[in-house]
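Remarks on the structure that follows.
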Amino acid sequence: MAKKYYTQDIPSVIEDFKTDANRGISGDEAAKRLAEHGANALAGKKKRPMWARFIDQFKDLMIVVLLVAAVLSGVVAQEWTDAGIILFVVLLNAILGVIQEARSEAAIDALKNMSTPSAKVRRDGAVQEIPSTEVVPGDVILLEAGDVVPADLRLVVAESLKIEEAALTGESVPVEKSNETLQGDDIALGDRINMAYSSTNVTYGRGEGVVVATGMDTEVGNIAKMLNNADETDTPLKQNLNQLGKTLTYMILGICVVVFVIGVWRNPTHEPMNALLIDMFLTAVSLAVAAIPEGLPAIVTIILALGTQTMADHKAIVKKLPAVETLGATDIIASDKTGTLTQNRMTVEKVYYDGILHEAADDISLDNPAMIAMLLANDTKIQDAGELLGDPTETALVQYGFHKTLPVIDFLREHPRVQEVPFDSERKLMSTVNKYDGKFFVAVKGAPDMLLERVKYVDINGELSEITDQQKQSILETNDRMAKQALRVLAMAYKVVAKPYDDPTTENVEQDLIFAGLVGMIDPERPEAKKAIAEAHQAGIRTIMITGDHQVTAQAIAERLGLIEKGRDSEVITGAQLDKLSDDYFTKHVGDYSVYARVSPEHKVRIVKAWQANGKIVAMTGDGVNDAPSLKQADIGVGMGITGTEVSKGAADMVLADDNFATIVEAVKQGRKVFANIQKAILYLMSCNVGEVLTVFLMTLLGWDVLKPVQLLWINLVTDTLPAIALGVEPIEKGIMARKPRGKNSNFFSGGVASSIVYQGILEGALVLVAYGLGLHAVPHGTNPHEDALTMAFLTLGLIQLFHAFNSKYVKQSVFQKNTFANKWFNIAILVSALVMAAVELPFLTKVFAVSELNLDQWGVVLGMGVLMILIVESVKFFERKADARSKQ
């Protein structure tokens, strides 16, 4: 809204919109304004056609490399099966990408569906019910309990009106509304008690208001704009795969050129030039295809999909596959308070009566006047199944009675209400008159300061006496102490009368009362949240709280959870204070704050962007409409499955089925596992590819016989798929949550993976060449030693990769541990791949793959090279661990 209507008095607002509070606007004027301002609806972002989205999926460099490889494999090398596999992988990834993009756009659609279908307006002096899309600025809207507010309103009438604004502010307790004019330009949205906002829910009372904004000009419309304009952030996974694609492109082009040139120059077989050019070109292309881990996108997708299944078992539903890996890189968890860190239900924590402050766990009887007042001055409805319906503070009082195992239902049935004085936001009290042992019990509850003005007596252990000023002061001091602990405090009073009132009003019902006690309630922290925050801290992840609740409440909960130390006020900031900070200052000092209170949707996006500007990966939780823009802006948005709106769930990358902060930390653990497993798969695939490239390159350089294209492609097909996928389902490594976040600039080659790929690839190639040399000179062979040696090199290159898969289970840890064979799928994958690789020795396949049948000595060399691969890599790892330990000392 351009104007801050909450600071304007009612006559000024009516004058601004040229309306009449009693008659509204005319039908003709409404039609003109509808034409001028447009429908009262949200505008969505223009959607790109499906075919354009599909084409976009092929602009990724890794995908381009794979497409080129497919063309070369099919057209040039005539390996149509390999080309088909590559194209299938590319097509599958494109389809998944389109589906994920379509899901992310569901947030705006859900936001549109939140609006109420109809609204009660006063036009031409008569009340009409019209479609909410036809509401215009200046309309006078009538509200009552159960209505959804159709537009932003400046209230002109508020009769005991309460509106639940959790979707906008995150505060679970309904707001008591008033028509009074407010002072100040920086009043938080949750404190604008004279305003009613579009898409919020009326829970109590009635009201009337002048429409000051419709459609995209409303607070909800502002959120829709932010959703439309939210930056689409690349996930670390996407960035890493793009980087990998570039690296492979340059490497593969270099391989093709060098092998082709050297092969033609050396011409080991002295072929005619035409035949030589064709053979070397096919070899270079085959090697290039082998160098591309064309199964990598599919393997990554499979690993992520398996990760999503594991997370689903832990109550975390992942909507976008890359979000699994992004979680593992999280530096900051920006968490909503209500329902995520807390239980989202008001709970009695302390009760003051007989001059003593009691814990909620202490016993209390049904004869206690404070307990009686809690139950009788209460509008909670108890369903047949025991479910409580009503205001959260009132249901908390009834639930307290149930927790004390008191016969609440029977008590309420035996003491029916006969009269009442409803709650009023000005006097802040409510009273009921109930039948009670042949007389009538007047139960009063409300704000302590307002109630004490009407109290004449005090009940101490059943004895009545006139209340003294000292006792009143003691009660108010107790109230202050409880309020500083973020407790919502209500006072109870009573009196017993002989008969009902002829005219039950506040003047006669709520006078000469007997003070019964105080009750302090809070939405308590989840028991498991404190432990989860500590575990996240151990993992180097910082948790910050962002809430629409009041500063005192937010700080108290943060202290109880261990987010901040007791009394650290400097780490708490409100939305109003945040508005006074420049972007540059806030970006530099964002680390100074751990708790944000009374924030707006704009604040949440600003907080996320500030952390991202510092190179941090941010996970943002939320359940309301107000959270949707920040959920979309964050590196990973986490929606709430139970309390969350469809808008927030639509904007999120992951949804918590149990709305539990501890589930986020468990999901981070699973995300770290997924990244580690993808690293293992890349280490395995790339080191094997380096070994293949080095083998062919050196064979060509030395003028030896070179592995045939069909042999290279067979090795690639057999060893690249099953073992790599099996590495993706390795169990969580011990101590994974004791590591610090890997950082935004890290990638799949970090943490020693790059150096391991290089030396292990070189080692693999060297051992294959050793096997070739031994086959040619040292072990008995048949009539064609060159064919036997090349066969040994071929089988060694294939099988040594399967041995090396065991090395790849751990980047630096030893493979010689009891859990090495714990992954049954890995064991099966290695066994199947080994049998398929060795199948080329079957008599009817030897000609297909141009190999000879080996004897036992030759097989001994082949298998010996595999064992050596494990032993040498394990030796290197041993010295690496020693060096790491020395560097930390």
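The values are calculated or read from the model by the stated rules, or taken from the named source; none is laboratory data. Predicted model, so just to flag it, every value in this text is computed and none were measured. Neighbour counts run over all protein chains shown; Cβ positions are idealised from the backbone, glycine included.
Listed here are the residues, each with its yes/no results for (1) surrounded by 24 or more Cβ atoms within 10 Å (Cβ to Cβ); (2) touching a Leu at 6+ places or on another chain (Cβ under 7 Å); (3) within 30 Å of Gly591 (Cβ to Cβ).
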{"residue": "Thr326", "(1), (2), (3)": "yes, yes, yes"}
{"residue": "Ile332", "(1), (2), (3)": "yes, no, yes"}
{"residue": "Asp336", "(1), (2), (3)": "yes, no, yes"}
{"residue": "Asn344", "(1), (2), (3)": "no, no, yes"}
{"residue": "Thr347", "(1), (2), (3)": "no, no, no"}
{"residue": "Lys350", "(1), (2), (3)": "no, yes, no"}
{"residue": "Tyr353", "(1), (2), (3)": "no, no, no"}
{"residue": "Ile356", "(1), (2), (3)": "no, no, no"}
{"residue": "Ile364", "(1), (2), (3)": "no, no, no"}
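When only residues in segment 521-545 that are part of a strand (DSSP E or B) and at pLDDT 90 or above count, which is nearest to Val351 (Cα to Cα)?
Result: Met521.
Please tell me if Ala576 is in contact (Cβ under 8 Å) with a residue 60 or more places away in the chain and either charged (D, E, K, R) or assigned to a helix (DSSP H, G or I) (or both). Even if it seems obvious, please write down each step before you answer.
On the way: in contact (Cβ under 8 Å) with a residue 60 or more places away in the chain: yes; either charged (D, E, K, R) or assigned to a helix (DSSP H, G or I) (or both): yes.
Against the criterion (in contact (Cβ under 8 Å) with a residue 60 or more places away in the chain and either charged (D, E, K, R) or assigned to a helix (DSSP H, G or I) (or both)), Ala576 qualifies.
Is there a residue being part of a helix (DSSP H, G or I), touching a residue at least 40 places away in the same chain (Cβ under 8 Å), more than 30 Å from Val618 (Cβ to Cβ) and out of contact with any Ser or Thr (no Cβ under 9 Å at 6 or more places or on another chain) anywhere in segment 767-783?
The first filter runs over segment 767-783 and keeps only residues part of a helix (DSSP H, G or I), leaving 767-777.
Among the residues that remain, those that are also touching a residue at least 40 places away in the same chain (Cβ under 8 Å) are: 767-772, 774-775.
Now narrow it down to the ones that are more than 30 Å from Val618 (Cβ to Cβ): 767-772, 774-775.
Then drop every residue that is not out of contact with any Ser or Thr (no Cβ under 9 Å at 6 or more places or on another chain), which leaves 774.
The answer is yes, given that some residue of segment 767-783 is part of a helix (DSSP H, G or I), touching a residue at least 40 places away in the same chain (Cβ under 8 Å), more than 30 Å from Val618 (Cβ to Cβ) and out of contact with any Ser or Thr (no Cβ under 9 Å at 6 or more places or on another chain).
Among the listed residues Asp139, Asp185, Asp124, which satisfies the condition of being closer than 30 Å to Tyr596 by Cβ, among the acidic types (Asp, Glu) and touching a helix residue (DSSP H, G or I) at 6+ places or on another chain (Cβ under 9 Å)?
Details: Asp139 fails: closer than 30 Å to Tyr596 by Cβ; Asp124 fails: closer than 30 Å to Tyr596 by Cβ.
Sole residue among the options that is closer than 30 Å to Tyr596 by Cβ, among the acidic types (Asp, Glu) and touching a helix residue (DSSP H, G or I) at 6+ places or on another chain (Cβ under 9 Å): Asp185.
Please give the number of the condition Arg560 fails out of (1) out of contact with any strand residue (DSSP E or B) (no Cβ under 7 Å at 6 or more places or on another chain); (2) surrounded by fewer than 20 Cβ atoms within 10 Å (Cβ to Cβ); (3) not in a loop (DSSP other than H, G, I, E, B).
Among (1) out of contact with any strand residue (DSSP E or B) (no Cβ under 7 Å at 6 or more places or on another chain); (2) surrounded by fewer than 20 Cβ atoms within 10 Å (Cβ to Cβ); (3) not in a loop (DSSP other than H, G, I, E, B), the lone unmet condition for Arg560 is (1).
Condition check: assigned by TED's automatic domain parsing to the domain that holds Ser26, over 18 Å from Asp217 (Cα atoms) and touching a Phe, Trp or Tyr at 6+ places or on another chain (Cβ under 8 Å). Does Ala166 satisfy that? Lay out the reasoning, then the answer.
Values: assigned by TED's automatic domain parsing to the domain that holds Ser26: yes; over 18 Å from Asp217 (Cα atoms): yes; touching a Phe, Trp or Tyr at 6+ places or on another chain (Cβ under 8 Å): no.
Considered against the rule, which asks whether it is assigned by TED's automatic domain parsing to the domain that holds Ser26, over 18 Å from Asp217 (Cα atoms) and touching a Phe, Trp or Tyr at 6+ places or on another chain (Cβ under 8 Å), Ala166 comes out as no.
Go through segment 510-533 and report how many residues are out of contact with any strand residue (DSSP E or B) (no Cβ under 7 Å at 6 or more places or on another chain) and charged (D, E, K, R). Steps first, answer last, please.
Applying the first criterion (out of contact with any strand residue (DSSP E or B) (no Cβ under 7 Å at 6 or more places or on another chain)) to segment 510-533 yields 511, 527-532.
Narrowing further to those that are charged (D, E, K, R): 528, 530-531.
Of the residues in segment 510-533, 3 are out of contact with any strand residue (DSSP E or B) (no Cβ under 7 Å at 6 or more places or on another chain) and charged (D, E, K, R).
Tell me which residues, restricted to segment 808-822, are of a type in the set (Phe, Trp, Tyr) and surrounded by 14 or more Cβ atoms within 10 Å (Cβ to Cβ). Before you say what the answer is, go through the steps one by one.
First pass over segment 808-822, keeping only residues of a type in the set (Phe, Trp, Tyr): 810, 816, 821.
Correct list: Tyr810 only.
Check segment 112-131 and report whether any residue there is within 26 Å of Leu631 (Cβ to Cβ), touching a Gly at 6+ places or on another chain (Cβ under 8 Å), modelled with pLDDT under 85 and surrounded by fewer than 19 Cβ atoms within 10 Å (Cβ to Cβ).
yes
Can you confirm whether segment 699-708 contains a residue that is of a type in the set (S, T, N, Q), farther than 30 Å from Gln538 by Cβ and in a loop (DSSP other than H, G, I, E, B)? So that I can check it myself, show each step before the final result.
Keep residues of segment 699-708 that are of a type in the set (S, T, N, Q), which gives 700.
From what is left, the residues that are farther than 30 Å from Gln538 by Cβ are 700.
Add one more test, that the residue is in a loop (DSSP other than H, G, I, E, B), and what stays is none.
No - not one qualifying residue is present in segment 699-708.
Going by the structure shown, is Glu477 part of a loop (DSSP other than H, G, I, E, B), assigned by TED's automatic domain parsing to the domain that holds Asn378 and under 52 Å from the mean Cα position of the chain (by Cα)? Talk me through it step by step, then tell me what you get.
Working: part of a loop (DSSP other than H, G, I, E, B): no; assigned by TED's automatic domain parsing to the domain that holds Asn378: yes; under 52 Å from the mean Cα position of the chain (by Cα): yes.
Judged against the criteria, Glu477 is not a match.
Test Leu707 against the criterion of being more than 31 Å from the chain's Cα centre (by Cα) and surrounded by fewer than 21 Cβ atoms within 10 Å (Cβ to Cβ), and give yes or no. Talk me through it step by step, then tell me what you get.
On the way: more than 31 Å from the chain's Cα centre (by Cα): yes; surrounded by fewer than 21 Cβ atoms within 10 Å (Cβ to Cβ): no.
It is false that Leu707 is more than 31 Å from the chain's Cα centre (by Cα) and surrounded by fewer than 21 Cβ atoms within 10 Å (Cβ to Cβ).
Let me spell it out: the conditions are (1) at pLDDT below 70; (2) within 37 Å of the chain's Cα centre (by Cα); (3) of a type outside the set (Ser, Thr, Tyr), and Leu72 meets all of them except one. Which number is the exception?
Unmet for Leu72, out of (1) at pLDDT below 70; (2) within 37 Å of the chain's Cα centre (by Cα); (3) of a type outside the set (Ser, Thr, Tyr): (2).
Do any residues in segment 743-760 that are surrounded by 15 or more Cβ atoms within 10 Å (Cβ to Cβ) have Cβ atoms under 8 Å from those of residues that are of a type in the set (Val, Ile, Thr) and assigned to a loop (DSSP other than H, G, I, E, B), where the two are at least six apart or on different chains, and which pairs are they?
Final answer for the pair search is Lys744/Ile617; Gly751/Val811; Gly752/Val811; Val753/Val811; Ser756/Val811.
Starting from segment 34-60, keep only residues that are on the phi > 0 side of the Ramachandran plot, then list their pairs with residues that are modelled with pLDDT of 70 or more whose Cβ atoms are within a distance under 9 Å, requiring at least 6 positions of separation or different chains.
That search, which allows pairs on different chains as well, returns Gly38/Thr214; Gly38/Gly215; Gly38/Met216.
Can you name the residue in segment 285-344 that is charged (D, E, K, R) and in a loop (DSSP other than H, G, I, E, B) and is also modelled with the highest pLDDT among such residues? Spell out the reasoning first.
Narrowing segment 285-344 to residues charged (D, E, K, R): 294, 313, 315, 319-320, 325, 331, 336-337.
When the remaining residues are screened for being in a loop (DSSP other than H, G, I, E, B), the result is 294, 315, 319-320, 331.
Numbers: Glu294: 60, Lys315: 84, Lys319: 74, Lys320: 70, Asp331: 93.
For segment 285-344, the residue satisfying everything is Asp331.
Against the definition (touching a strand residue (DSSP E or B) at 6+ places or on another chain (Cβ under 9 Å) and under 18 Å from Ala166 (Cβ atoms)), how does Val595 come out, yes or no?
Numbers: touching a strand residue (DSSP E or B) at 6+ places or on another chain (Cβ under 9 Å): yes; under 18 Å from Ala166 (Cβ atoms): no.
So Val595 fails the test.
Residues of segment 169-202 being within 27 Å of the chain's Cα centre (by Cα) and part of a loop (DSSP other than H, G, I, E, B), which ones? Working first, answer last.
Just the residues of segment 169-202 that are within 27 Å of the chain's Cα centre (by Cα), to begin with: 169-174, 188-190, 197-201.
Listed by number, the residues that qualify are Gly170, Glu171, Ser172, Val173, Pro174, Ala188, Tyr197, Ser198, Ser199, Thr200.
Which residue is nearest to Thr393 (Cα to Cα), if the candidates are limited to segment 492-513 and must be assigned to a helix (DSSP H, G or I) and either without any contact (Cβ under 8 Å) to a residue 24 or more places away in the chain or touching a Ser or Thr at 6+ places or on another chain (Cβ under 6 Å) (or both)?
Step one: list which residues in segment 492-513 are assigned to a helix (DSSP H, G or I), which gives 506-509.
Keeping just the survivors that are either without any contact (Cβ under 8 Å) to a residue 24 or more places away in the chain or touching a Ser or Thr at 6+ places or on another chain (Cβ under 6 Å) (or both) gives 507-509.
Working: Glu507: 25, Asn508: 26, Val509: 23 Å.
This residue is Val509.
Which one is nearest to Gln801 (Cα to Cα) among residues in segment 844-858 that are in a helix (DSSP H, G or I) and either touching an Asp or Glu at 6+ places or on another chain (Cβ under 9 Å) or among the small types (Gly, Ala, Ser) (or both)? Please lay out each step first, then the result.
Taking segment 844-858 first, the residues in a helix (DSSP H, G or I) are 844-846, 856-858.
From what's left, either touching an Asp or Glu at 6+ places or on another chain (Cβ under 9 Å) or among the small types (Gly, Ala, Ser) (or both): 846, 858.
Working: Thr846: 21, Gln858: 18 Å.
Across segment 844-858, the extreme among qualifying residues is Gln858.
Out of (1) more than 30 Å from Ile533 (Cα to Cα); (2) touching a residue at least 40 places away in the same chain (Cβ under 8 Å); (3) among the small types (Gly, Ala, Ser), what's the single condition that is false for Gly390?
Answer for Gly390: the failing condition is (2).
Scan Gly548, Gly567, Gly591 and give me the residue that is at pLDDT below 90 and either crowded, with 24+ Cβ neighbours inside 10 Å or not in a loop (DSSP other than H, G, I, E, B) (or both).
On the way: Gly567 fails: either crowded, with 24+ Cβ neighbours inside 10 Å or not in a loop (DSSP other than H, G, I, E, B) (or both); Gly591 fails: at pLDDT below 90.
Being at pLDDT below 90 and either crowded, with 24+ Cβ neighbours inside 10 Å or not in a loop (DSSP other than H, G, I, E, B) (or both) holds for just one of Gly548, Gly567, Gly591, which is Gly548.
Could you list, ordered by first residue, the pairs with Cβ atoms under 8 Å in which the first is in segment 803-818 and within 14 Å of Lys734 (Cβ to Cβ) and the second is acidic (Asp, Glu) and surrounded by fewer than 14 Cβ atoms within 10 Å (Cβ to Cβ), at least 6 apart or interchain?
If the second residue must be acidic (Asp, Glu) and surrounded by fewer than 14 Cβ atoms within 10 Å (Cβ to Cβ), the pairs left are Lys812/Asp884.
Within segment 607-637, can you find the residues that are crowded, with 24+ Cβ neighbours inside 10 Å and assigned to a loop (DSSP other than H, G, I, E, B)?
Within segment 607-637, Ile617, Asp623, Gly624, Ala634, Asp635 qualify.
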